[in-house]
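The values are calculated or read from the model by the stated rules, or taken from the named source; none is laboratory data. Here the structure is a predicted model, which means the values were calculated and not measured. Every residue, glycine as well, gets a Cβ built from its backbone with ideal geometry; the counts of neighbours run over all protein chains shown. Surface accessibility is based on the protein's heavy atoms, side chains included, excluding ligands, DNA and RNA. Shrake-Rupley method; radii C 1.70, N 1.55, O 1.52, S 1.80 Å.
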Amino acid sequence: MNSDLNKLQGTWTVIELETEGSKAPFGGSKIVLEAENFTTIAMGADYRGTVELNEAKSPKTFDLLFTSGPHQGLKSLGIYELDGDTWRICLAFAGVKTRPKKFATKPGSGFALETLKRGDSQSQPEPISEEPSGPTTELDGEWTMVSGSMDGHAMEASLVKLGRRVAQGDRVAVLFGGQVYLKARVAIDPSKSPKEIDYEIATGAGAGSTQAGIYELNGKTLKLYMAAVGQPRPGDFTSSKGDGRTFTVWRK
């Protein structure tokens, strides 16, 4: 067992997560190492396997081989740095055969950047509700996620099943499990074709910025297509890898 593997033994909690250039939800995510075996607990799903480190490389590298869970049989290639009780990793999505060369992600990269702290404590999630203003809208209520994609990549089923959207008047919150992913002031214009929606983001990735999108409501099914923060509003519901857009389907 090499020296870094010795230092990494135990439980680590994710405190920051970025995927393909965007901040991502990480509530409840942990990595536990026992010898060369790892267990990752993320958004309600368990991933297990073995880890192999190479401290001689610059930056240092690691390989994760998944032996059970949604990624069984796949490998994830990454780089890491360890500073006391802080562990920073950048890794490719499972099955992607390109290893990151630096600690950064961008749209379409297929990489995730994580910062972890030793221990299993985590901060409490922010409250969901704020006092709404303005009239009720056709998007009010609590919605559960049916499917989603970010930057052209489908969200994993284990993440989708934890997604909730809570809206009232001009307030909206998006949650995954117990983690508040986004809170925003929302404005809609159902007279446009396609119907338009705008977020003024208060909490989450892009806080302080605006995000433009379009939506379609068919009975109790809601389709939302949001541009990347600060980018022009989509003109239709088509998507491609690297466009930075988020497409989600919700059901009341």
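Taking region 92-135 as the range and being surrounded by 12 or more Cβ atoms within 10 Å (Cβ to Cβ), modelled with pLDDT of 70 or more and either among the polar types (S, T, N, Q) or in a strand (DSSP E or B) (or both) as the test, the residues that pass are ALA92, THR105, SER109, PHE111, ALA112, LEU113, GLU114, THR115, LEU116, LYS117, ARG118. Among the residues of region 61-75, just one is modelled with pLDDT of 95 or more, of a type outside the set (A, V, I, L, M, F, W, C) and in contact with a Leu (Cβ under 7 Å, 6 or more places away or on another chain), namely ASP63. Residue pairs whose Cβ atoms lie under 7 Å apart, separated by 6 or more positions or on different chains, with the first residue in region 88-108 and over 14 Å from GLY21 (Cβ atoms) and the second of a type in the set (Asp, Glu), are ARG88/GLU81; ILE89/GLU114. Of all residues in region 156-171, those being within 27 Å of GLY69 (Cβ to Cβ) and touching a residue at least 24 places away in the same chain (Cβ under 8 Å) number 8.
Identify all residues within region 73-91 that are in contact with a Cys (Cβ under 7 Å, 6 or more places away or on another chain) and either in a loop (DSSP other than H, G, I, E, B) or under 14 Å from ILE31 (Cβ atoms) (or both); write none if there are none. Let's see the steps before the verdict.
Residues of region 73-91 that are in contact with a Cys (Cβ under 7 Å, 6 or more places away or on another chain), as a first pass: 78-79.
Within region 73-91, just GLY78 meets the criteria.
For region 48-58, filtering for residues that are free of Cβ contacts under 8 Å to residues at least 24 places away in the same chain and in a strand (DSSP E or B) leaves 5. Assessment of region 59-72 against the conditions (touching a helix residue (DSSP H, G or I) at 6+ places or on another chain (Cβ under 9 Å), open to solvent by 50 Å² or more (accessible area, probe 1.4 Å) and in a strand (DSSP E or B)) yields at least one matching residue.
Of the residues making up region 175-183, not a single one is closer than 14 Å to LEU139 by Cα, among the hydrophobic types (A, V, I, L, M, F, W, C) and touching a Ser or Thr at 6+ places or on another chain (Cβ under 9 Å).
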